[in-house]
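The structure appears below as structure tokens.
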Amino acid sequence: MRVIFAGTPDFARVALARLLAAGFTVPLVLTQPDRPAGRGMKLQASPVKQCALEHGIAVAQPRSLRLDGKYPEDARAAQAAIAAAQADVMVVAAYGL
């Protein structure tokens, strides 16, 4: 079964790791864009993005999923990535968008 995963914090990383351990194919991960963090306010990838990259999974980080919102180009790109993944289901855990 092909599963798109959407999540951002460490809680969601655990869910993604469990899906992968159970043998599901995850062709795409959606997560929030990298954010400044720490003393130097350097961009930091979310725990879900880090996990996805460790497993060679494609990552999309749209600023919005609303076609009528502030970032319609991000929403269109995310829709195209979702369609291209040809998944059976999408699992969402603490995504935030």
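The values are calculated or read from the model by the stated rules, or taken from the named source; none is laboratory data. All figures in this text were calculated on a predicted structure; none of them were measured in a lab. As a convention, Cβ positions derive from the backbone with ideal geometry for all residues, glycine included, and neighbour counts pool all protein chains shown.
Just checking, does the stretch 25-45 include any residue being modelled with pLDDT under 95 and of a type in the set (Asp, Glu)? Yes: the stretch 25-45 contains one or more residues that are modelled with pLDDT under 95 and of a type in the set (Asp, Glu). For the stretch 30-49, taking the residues that are hydrophobic (A, V, I, L, M, F, W, C) and in contact with a helix residue (DSSP H, G or I) (Cβ under 8 Å, 6 or more places away or on another chain), the one that is nearest to GLN79 (Cα to Cα) is identified as LEU30.
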